[in-house]
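Heads up, the thing below is written out as structure tokens.
The values are calculated or read from the model by the stated rules, or taken from the named source; none is laboratory data. Worth saying up front: this structure is predicted, and the values here are computed from it rather than measured. Glycine gets a Cβ as well: all are built from the backbone with ideal geometry, and neighbour counts include every protein chain shown. The area values use the complete protein model at the heavy-atom level, side chains included, leaving out ligands, DNA and RNA. Shrake-Rupley method; radii C 1.70, N 1.55, O 1.52, S 1.80 Å.
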Amino acid sequence: MSAAHATGDAPATTVQAPPGGTAPPKVAGEEPGGTGRLKARKIGWGHTMRRDWVLYAMALVPVLFLLLFRYVPMFGNIIAFRRFRPGGSIIGDEWVGMRYVELFLNDPNFWNVFTNTVILGGLTLLFCFPLPIVLALLLNEVRKTTFKRVIQSISYLPHFLSVVIVVGMVMQLLSLQGTVNQLIEATGGEAIPFLQRAEWFRTVYVGSEIWQTVGWGTILYLAALTTVDASLYEAARIDGAGRLRQTWHVTLPGIRPTMITLLILNIGLFLNVGFEKVLLLYNPLTYATGDVVSTYLYRVGLVSNNFSYATAIGLFQAIIGLVMILSANFLSRRVVGASLW
């Protein structure tokens, strides 16, 4: 019996070199040098398509939507530099250069509208961005599941109402004979025409925007809160930190990437103040504070048929939005180390 059988080990196999000193034959797929490692087979694009065709099919409709309704219309911006007449060429009849840009830059009405847009956008960002974070933190502290679900359902509901319904409810509440004025008169005050006074328009708009969007905005933050490591809270409690310090030093840093991402996106939409809500809420008496760029474009472009002038203003607004989102992303990457790209 051989030594290998006596010890119970598997017999060692050796490859005998053929006569003449030539090397043993190579195994198919083996790398040069006799390492014995096989090369990884490269997976081609066609193989990936066949394997994940369901996912690509699901992505086809959103991609086509973006192409048709977001990218293709960009070519229409050419009429900002060409004179467009209804019934004429779709890209304009003649080249006018920067004429329409100079017109709106020298138009005092445009700058009044632009100022209103900046103020409304700033107020909306100031209140509608941090309030969902506060509400999410409060809901995260609730331990009774039933109560928490009731609060979430009540706060989510306004998001599913159309803008027309929301504006109708606001008008009913704030009219001269509405609920709010009835309460004011019941306490000895005088009825206030909220919807006819320009100084009240921004308050009404921002208040309705908070009511409609804050609850829905908590969803992403509540999801982000579930990713915070529970051991960090335990370590903070051992160090003597209370709930407030745990929120400041553990919770907020844990959801900071989500906060930064949503802040950058909101800054990019800074000038896109809700067209539908403003159009339904404002009237000639509140133009001084309620007229924004989107409603001004509607009146100038669609009502007055001055499409080239309206396109030039819209292009100007889009460029400002692009600069703002790029700047916010750059500053976020340099200051806090988190950004969209």
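Yes/no matrix, rows are residues, columns are (1) open to solvent by less than 100 Å² (accessible area, probe 1.4 Å); (2) within 19 Å of L297 (Cα to Cα):
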residue	(1), (2)
M49	yes, no
D52	yes, no
M58	no, no
R70	no, yes
F84	yes, yes
E94	yes, no
Q | Identity of the residue in segment 153-185, closer than 17 Å to F275 by Cα and among the small types (G, A, S), that ends up surrounded by the fewest Cβ atoms within 10 Å (Cβ to Cβ) | A | S162
Q: Having 2 or more residues that are out of contact with any Lys or Arg (no Cβ under 9 Å at 6 or more places or on another chain), basic (K, R) and at pLDDT below 90 is the bar; report the helices (runs of 4 or more DSSP H) wholly within segment 1-109 that clear it.
A: 45-51
Q: Look through L265, L340, L297 and report the one residue that is assigned to a helix (DSSP H, G or I) and open to solvent by 50 Å² or more (accessible area, probe 1.4 Å).
A: L265
Q: Restrict the check to segment 256-267 and report whether at least one residue is closer than 30 Å to T226 by Cβ and either touching an Asp or Glu at 6+ places or on another chain (Cβ under 7 Å) or of a type in the set (D, E, K, R) (or both).
A: yes
Q) If you go through segment 210-224 one residue at a time, do you hit one that is polar (S, T, N, Q), within 30 Å of the chain's Cα centre (by Cα) and open to solvent by 30 Å² or more (accessible area, probe 1.4 Å)? A) yes
**Q.** Number of the exception - G314 against (1) under 30 Å from L138 (Cβ atoms); (2) open to solvent by less than 30 Å² (accessible area, probe 1.4 Å)
**A.** (1)
Q. So which residues in segment 112-150 are over 20 Å from the mean Cα position of the chain (by Cα), among the aliphatic types (A, V, I, L, M) and surrounded by fewer than 17 Cβ atoms within 10 Å (Cβ to Cβ)?
A. I119, L138, V142, V150
Q) For segment 268-294, what are the residues that are open to solvent by less than 30 Å² (accessible area, probe 1.4 Å) and farther than 21 Å from L322 by Cα? A) K277, V278, L281, Y282, T286, T289, G290, D291
**Q.** Residue among Y309, Y298 that is in contact with a helix residue (DSSP H, G or I) (Cβ under 6 Å, 6 or more places away or on another chain) and aromatic (F, W, Y)
**A.** Y309
Q) Which of the residues spanning segment 317-332 are farther than 19 Å from F81 by Cα and either free of Cβ contacts under 8 Å to residues at least 24 places away in the same chain or surrounded by fewer than 14 Cβ atoms within 10 Å (Cβ to Cβ) (or both)? A) L322, V323, L326, S327, F330, L331
Q) Quick one: what pairs do we get from segment 88-114, first residue in contact (Cβ under 8 Å) with a residue 60 or more places away in the chain, second assigned to a loop (DSSP other than H, G, I, E, B), C-beta under 6 Å, 6+ apart or different chains? A) G92/F84; V113/D291
Q) Name the pairs whose Cβ atoms lie under 9 Å apart, with the first residue in segment 62-80 and at negative phi, the second at pLDDT below 90 and open to solvent by 80 Å² or more (accessible area, probe 1.4 Å), and 6 or more positions between them or separate chains? A) F75/I91; G76/I90; G76/I91; I78/I91; I79/I90; I79/I91
Q) Of the residues that sit in segment 229-247 and are open to solvent by less than 100 Å² (accessible area, probe 1.4 Å) and in contact with a helix residue (DSSP H, G or I) (Cβ under 8 Å, 6 or more places away or on another chain), which one is nearest to I133 (Cα to Cα)? A) T247
Q. Counting only residues that are among the aliphatic types (A, V, I, L, M) and modelled with pLDDT of 90 or more, which one in segment 225-240 is farthest from L120 (Cα to Cα)?
A. I238
